[in-house]
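Worksheet: one structure, shown below.
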There are 4 protein chains.
Amino acid sequence: MSITHLQADIAIAAAVREATAIGVPMNIAVYDDGANMKAFVRMDGAFLGSADIAQNKARTASLFGFNTEALYEFVKPGGTSPGFDRTNGGLIVFAGGIPVHDGEGRLIGAIGVSGGAVAQDYQVAEAAITALAAGGFQEQP
Amino acid sequence: MSITHLQADIAIAAAVREATAIGVPMNIAVYDDGANMKAFVRMDGAFLGSADIAQNKARTASLFGFNTEALYEFVKPGGTSPGFDRTNGGLIVFAGGIPVHDGEGRLIGAIGVSGGAVAQDYQVAEAAITALAAGGFQEQP
Amino acid sequence: MSITHLQADIAIAAAVREATAIGVPMNIAVYDDGANMKAFVRMDGAFLGSADIAQNKARTASLFGFNTEALYEFVKPGGTSPGFDRTNGGLIVFAGGIPVHDGEGRLIGAIGVSGGAVAQDYQVAEAAITALAAGGFQEQP
Amino acid sequence: MSITHLQADIAIAAAVREATAIGVPMNIAVYDDGANMKAFVRMDGAFLGSADIAQNKARTASLFGFNTEALYEFVKPGGTSPGFDRTNGGLIVFAGGIPVHDGEGRLIGAIGVSGGAVAQDYQVAEAAITALAAGGFQEQP
């Protein structure tokens, strides 16, 4: 199973609503379980350079099934896997990429958000995940 | 001026509706006047390999301000510019990419569609352009 | 809006004059708001390898709308976004790239300078920004 | 010897004047004898996608010391070197790139122009070459 067009629309709509609420225009990407782009939008006024980051956050979270910030553990000083973030053509290891699972816990894709402070990116990505869960599209936490 | 989030939403919604009507799931990309991605969606069941093509059609139409198929004139046997389609990291020179102009005729971006026969791709891209024009977002033909 | 040919000429002329005054030949790049090159010159005697850096400084400042050195905050030890400078195909996070805004504060492009010590690069880029502002092409600080 | 900043300025000024005279905004690139960019400008309204082509025309002419269209002989059907235009990361083999020689016939760089019909590109590049020759910067034909 892979994230659907409908789920991508829900995720992006929720993310756009949250980004608008906090007044920070964002780049929002949805990737599927094949680490391929399913949907994307760059909100008006969002940093152009954050598009690549949003996409790579979603790609990274989809490739490994973890929140992007969790992967920092591998590459931090003293971590087990120095250079891990340079694999796969370059990964993102700070927050804003969150995997999406279906109702049975299977990885079906990921959301990536960039355009604000890292905490804001995370908040907006979380809003997308919450909307999917509320819609019954995803397991409850 | 560059194509807006609202215009991108209108374009994609109209393209998705047309693609659904003809029963051919499509990849639909919107690029801005700087040839950067503004929005994208891969409909459920659309060819994965057509995502790159839809994006490149939109990029190509944005880079030159012409329908993608018009650029074939340059590279067809006997054309003036052999190899033109290998510039800019590779361009698409068949139908499915259409530039978007504002009410004063200025290039503001482009739509790119791929997933069906070329004529179907063109039809779906045209539906997006028509929807933008109908909304007063673009000059009338 | 995007930076114009006239603005690019003014920016480069001012940068060349400043570089000449301090006796350090420079590479000077102007990018537009789509992070595409608008104009460039490599002064006689300027380091060849600094051409890429000047261009990337302008590109980086255009992608994010900040001075390039400000972006170091994100990637410095303990910063919020480790690896940020490896996004977008590689960014520059030291001084010499400065965004250009129009009279209403909108990002219209950026200047990038490289060829001397970082402080010299910054000084020459600043001279370009000052010339644009003096010409009424940009908001006053 | 390599083309100088002054020569690049003269070449670009003459090309801009000719492009303005014929009403076709152009991308104009000057490369040195190391096939590295010396100067570039994208005139207002010039096709964004023609920037890459202008640069590659100048690069191609600098790499081989011939007008770009002359290189088509090698790759035309029946030519001696099929695929020649895919070497060096891709070359341009239609008109608009012209080498620049010094007063003793030595290759010092090249001009590349793109943005109009191929004949217009050639005309504008020729204007740059003529201006250099008139200034005594280059051998007379």
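Quick one: dipole size for the stretch A:5-134, taken about the Cα centre, charges +1 on Lys/Arg Cβ and -1 on Asp/Glu Cβ, in debye to the nearest 20.
My answer is approximately 220 debye.
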TODO: With chain A rotated onto chain B, spot the residue of A whose Cβ lies nearest the axis and note the distance in whole Å.
DONE: A:PHE40, 2
Task: Label spacing, shortest first and in nm, from A:ASP44 to its equivalents in the remaining copies (7 angstrom along Cα→Cβ) - done: 2.4, 3.2, 5.0
Open item on the list: Could you report the accessible area of A:HIS101 in Å², rounded to 10, computed with a 1.4 Å probe on the protein chains as they sit in the structure?
Closed with: 40 Å²
Task: Calculated label separations, C:GLY135, copies of the chain, 7 Å along the beta-carbon direction, nm - done: 1.9, 3.7, 5.0
Task: For the stretch D:5-134: span of alpha carbons on each principal axis (Å, largest first) - done: 39, 34, 20
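Rounded to two decimals, what is Rg over Rh for the protein assembly as shown when you use alpha-carbon atoms and the Kirkwood radius? Mind dumping the intermediate values first?
On the way: Rg = 24.2 Å, Rh = 24.6 Å.
My calculation of the ratio gives 0.99.
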Open item on the list: Using a Cα-Cα cut-off of under 13 Å, which aspartates and glutamates could be cross-linked to A:LYS38, ignoring same-chain neighbours fewer than 8 residues away?
Closed with: A:ASP9, B:ASP44, B:ASP52
TODO: Under 30 Å Cα to Cα from A:LYS76, which lysines show up? Leave out anything in the same chain fewer than 8 places away.
DONE: A:LYS57, C:LYS57, C:LYS76
TODO: Please pull out the direction-averaged projected area of the stretch D:1-62, using the convex hull of its alpha-carbon atoms, in nm² to one decimal place.
DONE: 3.9 nm²
- [ ] Summarise the partner chain shielding of A:50-59 as one whole number: the mean count of Cβ atoms from other chains within 10 Å of each residue's Cβ.
- [x] 3
TODO: Take peptide D:96-106, look around each residue's Cβ out to 10 angstrom, count Cβ atoms belonging to other protein chains, and average those counts.
DONE: 0
TODO: Partner chain Cβ atoms within 10 Å, averaged over the residues of C:86-93 - can you pull that number for me?
DONE: 4
- [ ] Would you pull out the residues with amide H under 5 Å of D:LYS38's amide H, same chain only if 5 or more places away, H placed 1.01 Å from N?
- [x] D:VAL30, D:TYR31, D:ASP32
Task: Ascending list, in nanometres, of distances separating the A:GLY79 label from those of the other copies (7 Å, Cα toward Cβ) - done: 1.6, 4.6, 4.9
Task: For chain D, the longest site-free run once GluC sites (Glu not before Pro) in DSSP loop states with at most 14 other Cβ atoms within 10 Å are removed - done: D:1-103
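The values are calculated or read from the model by the stated rules, or taken from the named source; none is laboratory data. Please read all numbers here as calculations on a predicted model, not as lab measurements. Ideal geometry is used to build each Cβ from the backbone, glycine not excepted, and the neighbour counts take in all protein chains shown. Accessible surface is based on the protein model in full, side chains and every heavy atom, while ligands, DNA and RNA are left aside. Shrake-Rupley method; radii C 1.70, N 1.55, O 1.52, S 1.80 Å.
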